[in-house]
1. Just from the alpha-carbon atoms, what are the Rg and Dmax of segment 59-211 in angstroms?
2. Arrange 117, 181 by Cβ neighbour counts within 10 Å, fewest through most, would you?
3. In Å and from the alpha-carbon atoms only, list the Rg and Dmax of segment 69-127.
4. Treat the count of other C-beta atoms within 10 Å as a stand-in for reagent exposure and order 199, 118, 125 from fewest to most.
5. Can you give the net charge of the other residues whose Cβ lies under 15 Å from the Cβ of residue 115, counting K and R as +1 and D and E as -1?
6. For segment 177-239, what does the convex hull of the Cα positions come to per residue, in cubic angstrom?
7. Using the Cα gyration tensor of segment 131-239, with a ≥ b ≥ c the square roots of its eigenvalues, what is the shape: rounded (a/c below 1.5), prolate (a/b larger than b/c) or oblate (neither)?
8. Using Cβ counts within 10 Å as a stand-in for footprinting exposure, how do 31, 151 rank, fewest first?
Amino acid sequence: MERKEDINQLLDIPFAKRTYLYNSNSKLFIRILLISPFLLLLFSFAGLRLIRDSKIVSSRFLDIKIDSKDGQRLLGHLPYPEISKDKLVFIEPNIKVHIDMSESLLKMREAAKRDGVYLVFLSGYRSTNLQKDIFYSLKSIRNQIASERARVSAPPGYSEHSTGFAIDIGDYMQRETDFEVEFEDTEAFKWLQRHAAKYHFKLSFNRNNKYIDYEPWHWRYEGSVEALKIFENSNRKSN
Ligand SMILES: [Zn+2]
């Protein structure tokens with residue numbers, strides 16, 4: 001008998017232990033059950049954040065795709081066709097522009113003169129070959145890589161000047177500001193800001209342009225259907 005009790009005792013202990021362990025497990029289980037809604041909430045919140053963040057990343061990739069496909073930009077510049085020679089006229093002994101904009105441009109200069117402001121035409125139509133010389137020679141003279149140069153000069157085939165509808169303007173009284181950002185402080189620029197739209201001229205590269213540096217001297221003509229078509233993509237993409 002004594003021996004049997006001993007056996008019972010031996011059996012009882014593990015059984016009691018098992019019961020205790022079982023009770024402890026169920027308490028833990030109940031605890032987990034109680035906090036599970038909070039855990040679920042926490043995980044959903046983290047999950048939503050992850051989805052939102054990945055959406056931002058994918059939309060960024062999408063923007064880049066749209067830029068390269070729709071804009072066809074090269075170093076930030078849009079491609080432009082070269083105007084045929086028979087549509088060009090001289091407005092100065094060395095400056096040609098598109099015949100459709102010449103009259104409006106000369107009228108604008110006359111109107112400025114009446115207000116005591118003297119506009120100087122610096123550059124009009126430029127052939128793709130000339131643009132090639134400008135882009136590559138200035139790039140090497142100034143020891144710039146293509147992407148640096150492109151902020152201030154268009155690669156050949158990508159200049160508004162090749163359309164004949166672009167004109168660089170200076171102030172006769174302040175020639176030192178030619179092709180400089182300081183041109184914006186001249187009377188000529190202030191006059192243009194007030195009146196150029198009347199003559200269908202628009203500043204091409206304003207301060208907000210993310211690809212090309214600000215060029216207060218560079219204006220383009222948008223007073224004909226042909227010009228509007230040429231600059232449609234730029235007007236849609238810029239700003
Ligand atoms: Zn220009």
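No value in this document is a laboratory result; all are computed from the given coordinates. This structure is a prediction, so every number in the text was calculated from the model and none was measured. Every residue, glycine among them, receives a Cβ derived from its backbone with ideal geometry; neighbour counts consider all protein chains shown.
1. When restricted to the Cα atoms of segment 59-211, Rg and Dmax are 16.7, 52 Å.
2. By the 10 Å Cβ count, ascending: 181, 117.
3. 15.0, 47
4. The most exposed by this proxy come first: 118, 199, 125.
5. +4
6. Dividing the Cα hull volume of segment 177-239 by its residue count gives 86 Å³.
7. Judged from the Cα gyration tensor, segment 131-239 comes out oblate (a/c at least 1.5, b/c at or above a/b).
8. 31, 151
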